[in-house]
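Just below is one structure, and these are the notes that go with it.
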Amino acid sequence: MLVEIGVAIIGAGVIGLATAGEITQRKKEVLVFEKNHSFGLETSSRNSEVIHAGIYYPEDSLKTRFCVEGKSLLYELCDRHDIAYRKPGKIIVAANEDETAQLEKLYEQGRRNGVEDLMLLSRTELKKLEPNIEARAGLLSPSSGIFDSYTLLKFLYSQAREKGAKFVFGTEVIGIERMGAKYRVEIRDREGISAFISRVVINAAGLNSDRIAQLAGIDVAKAGYKLHYCKGEYFSLSSKYRNVVNRLIYPTPEQAGHGIHVTVGLDGRVRLGPNARYVEEVDYRVDETQKKAFYNSVQRFLPHIELEDLAPESAGIRPKLQGPGEAFRDFVIAREDKASLPGLINLIGIESPGLTAAPAIARYVGRMVDGLFN
Ligand SMILES: Cc1cc2nc3c(=O)[nH]c(=O)nc-3n(C[C@H](O)[C@H](O)[C@H](O)COP(=O)(O)OP(=O)(O)OC[C@H]3O[C@@H](n4cnc5c(N)ncnc54)[C@H](O)[C@@H]3O)c2cc1C
């Protein structure tokens with residue numbers, strides 16, 4: 001006899017953890033499968049730790065909706081549960097006339113998205129706030145911040161467990177088969193291959209989420225679920241630049257990412273990145289030959305830095321639905337009723353601002369699950 005559970009969640013990144021907490025709160029039995037030996041070892045711990053305001057995306061997108069909602073929920077969570085954060089604000093800087101026009105568009109986009117505290121800055125206003133930055137103009141977002149993402153992950157994990165969610169680490173999901181109104185979830189762990197029966201399956205498998213959808217029988221190419229990996233590397237700036245800026249400083253955005261930005265961590269250390277390079281596989285090594293490109297990019301607005309002050313630091317990989325040069329794609333958060341898989345919920349392409357959006361996404365998925373049990 002196979003063991004039967006209410007909800008199986010695949011993946012213990014920030015999305016799986018937040019969703020597990022939300023669903024146990026709704027009195028459902030939850031089992032989380034994670035292939036690594038602990039939670040949050042992939043994209044959720046390889047990012048900029050920025051709480052985004054919600055400026056960049058179209059107003060009717062899930063990215064905007066959950067970023068704006070998630071930002072408030074996340075600041076509240078940090079306040080209530082002693083998760084360290086700072087809200088220094090962020091400035092997007094423009095180097096020339098074209099970029100200044102882009103800032104004005106971003107200002108309008110942000111206002112449409114409900115980010116009401118944005119301010120356009122002249123060169124003089126910018127200089128007063130950031131004496132070390134050289135730029136023609138800026139866009140200030142006072143509600144952007146940075147936080148300690150590891151403490152958030154740890155909190156979400158403990159909270160979900162306290163509410164009754166169970167976690168099995170070192171356990172990879174290798175098959176999903178519909179059996180009437182339920183699913184047979186096949187797993188592989190140290191002891192071999194076994195299976196569970198679950199009424200609902202939530203795919204929060206990050207970089208593998210397209211493969212999980214495929215395992216369940218979805219034609220990934222046809223559904224538009226195929227992921228493209230886009231690597232983001234970071235370099236650190238030497239300690240002599242501690243607090244060289246007061247806020248997070250971003251260039252005007254590129255197509256595949258937000259551009260190589262400057263963040264000052266909670267400990268005052270300065271980090272540059274991430275860049276955005278499409279890659280074929282998951283490899284977290286930093287390519288040192290990128291150093292000059294980082295230098296050139298940041299030196300445009302932080303002219304006093306020297307090439308030898310940069311050192312390779314870390315990297316993460318974005319699970320992107322859009323390939324190189326392709327248009328904007330939104331998060332996929334879908335009940336797969338149309339694919340005749342009614343109890344399957346796919347979360348695919350959860351790239352930035354996924355960390356900020358996680359508490360709001362979890363609530364949304366919680367309501368979807370309620371709908372499946374009613
Ligand atoms: C370079 C970079 C910078 C970013 N900066 C920011 C930022 O500043 N602010 C922000 O809001 N967002 C940012 N993001 C986005 C954010 O980090 C992600 O959206 C978020 O972490 C995604 O979480 P997740 O739970 O979906 O994925 P993950 O953290 O990748 O978790 C998925 C989990 O599923 C597990 N898994 C996969 N396959 C299986 C399987 N078959 N069986 C069992 N387990 C499986 C994996 O091991 C993994 O633990 C950034 C992303 C990158 C790459």
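The values are calculated or read from the model by the stated rules, or taken from the named source; none is laboratory data. Just so we're clear, the structure is a prediction, and the values are computed from it rather than from any experiment. Please note: Cβ atoms are built from the backbone with ideal geometry, for glycine as well, and neighbour counts cover all protein chains shown.
Some points to look at:
- Contact map, region 331-359: residues that are charged (D, E, K, R) paired with residues that are part of a loop (DSSP other than H, G, I, E, B) and within 16 Å of the ligand (Cβ to nearest atom), Cβ distance under 8 Å, separation 6+ or inter-chain. Pairs shown: GLU336/ALA216; GLU336/ILE218.
- Exclusive hit being under 19 Å from THR263 (Cα atoms) and of a type in the set (Ser, Thr, Tyr), set SER48, SER61, SER38: SER48
- Sole exception among (1) without any contact (Cβ under 8 Å) to a residue 24 or more places away in the chain; (2) surrounded by 15 or more Cβ atoms within 10 Å (Cβ to Cβ) for GLU326, by number: (2)
- Meets criteria (under 30 Å from GLN299 (Cα atoms) and loosely packed, with under 14 Cβ neighbours inside 10 Å) for ASP117: yes
- Of all the listed residues (GLU42, GLU76), the sole one being among the acidic types (Asp, Glu) and in contact with a Gly (Cβ under 8 Å, 6 or more places away or on another chain) is GLU42.
- For region 39-67, the set of residues classified as more than 9 Å from the ligand (Cβ to nearest atom) and assigned to a loop (DSSP other than H, G, I, E, B) consists of ALA53, GLY54, ILE55, TYR56, TYR57, PRO58, GLU59, ASP60, SER61, listed by residue number.
- Comparison of ILE305, ILE333, ILE350 shows that the only residue that is closer than 18 Å to GLN214 by Cβ and in a loop (DSSP other than H, G, I, E, B) is ILE350.
- Failed item in (1) more than 14 Å from the ligand (Cβ to nearest atom); (2) among the small types (Gly, Ala, Ser); (3) at pLDDT 95 or above; (4) closer than 23 Å to ARG247 by Cβ, with GLY70 passing the rest: (1)
- Cross-chain or 6+ apart pairs with Cβ under 6 Å, region 166-184 first and among the polar types (S, T, N, Q), then more than 9 Å from the ligand (Cβ to nearest atom) and part of a strand (DSSP E or B): THR171/ASP189
- Hey, LEU139 surrounded by fewer than 20 Cβ atoms within 10 Å (Cβ to Cβ), in a strand (DSSP E or B) and either among the acidic types (Asp, Glu) or in contact (Cβ under 8 Å) with a residue 12 or more places away in the chain (or both) or not: no
- If you go through region 93-118 and keep only what is on the phi < 0 side of the Ramachandran plot and either assigned to a loop (DSSP other than H, G, I, E, B) or among the basic types (Lys, Arg) (or both), you end up with ALA95, ASN96, LYS105, ARG111, ARG112, ASN113, VAL115, GLU116, ASP117, LEU118.
- Residue in region 294-308 that is in contact with a Ser or Thr (Cβ under 8 Å, 6 or more places away or on another chain) and within 16 Å of the ligand (Cβ to nearest atom) present: no
- Residue among SER209, SER149 that alone is buried (at least 18 other Cβ atoms within 10 Å of the Cβ), near the ligand (Cβ under 10 Å from one of its atoms) and over 25 Å from GLU336 (Cα atoms): SER149
- Members of region 167-178 that are of a type outside the set (Val, Ile, Thr) and within 14 Å of the ligand (Cβ to nearest atom): PHE167, PHE169, GLY170, GLU172, GLY175
- Within region 314-324, at least one residue is out of contact with any helix residue (DSSP H, G or I) (no Cβ under 8 Å at 6 or more places or on another chain) and under 14 Å from PHE235 (Cβ atoms).
- Test set (1) hydroxyl-bearing (Ser, Thr, Tyr); (2) buried (at least 22 other Cβ atoms within 10 Å of the Cβ); (3) in a helix (DSSP H, G or I) - SER158 fails condition number: (2)
- Verdict on ASP337 being closer than 30 Å to GLY366 by Cα, out of contact with any helix residue (DSSP H, G or I) (no Cβ under 9 Å at 6 or more places or on another chain) and surrounded by fewer than 19 Cβ atoms within 10 Å (Cβ to Cβ): yes
Conditions tested, residue by residue: (1) outside any strand (DSSP E or B); (2) closer than 30 Å to ASP337 by Cβ; (3) touching a residue at least 60 places away in the same chain (Cβ under 8 Å); (4) within 17 Å of the chain's Cα centre (by Cα).
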| residue | (1), (2), (3), (4) |
| --- | --- |
| SER194 | no, yes, no, no |
| ILE197 | no, yes, yes, no |
| ILE202 | no, yes, yes, no |
| ILE218 | yes, yes, yes, no |
| LYS222 | yes, yes, no, no |
| GLY232 | no, no, yes, yes |
| ASP267 | yes, no, no, no |
| LEU272 | no, no, no, no |
| ASP283 | yes, no, no, no |
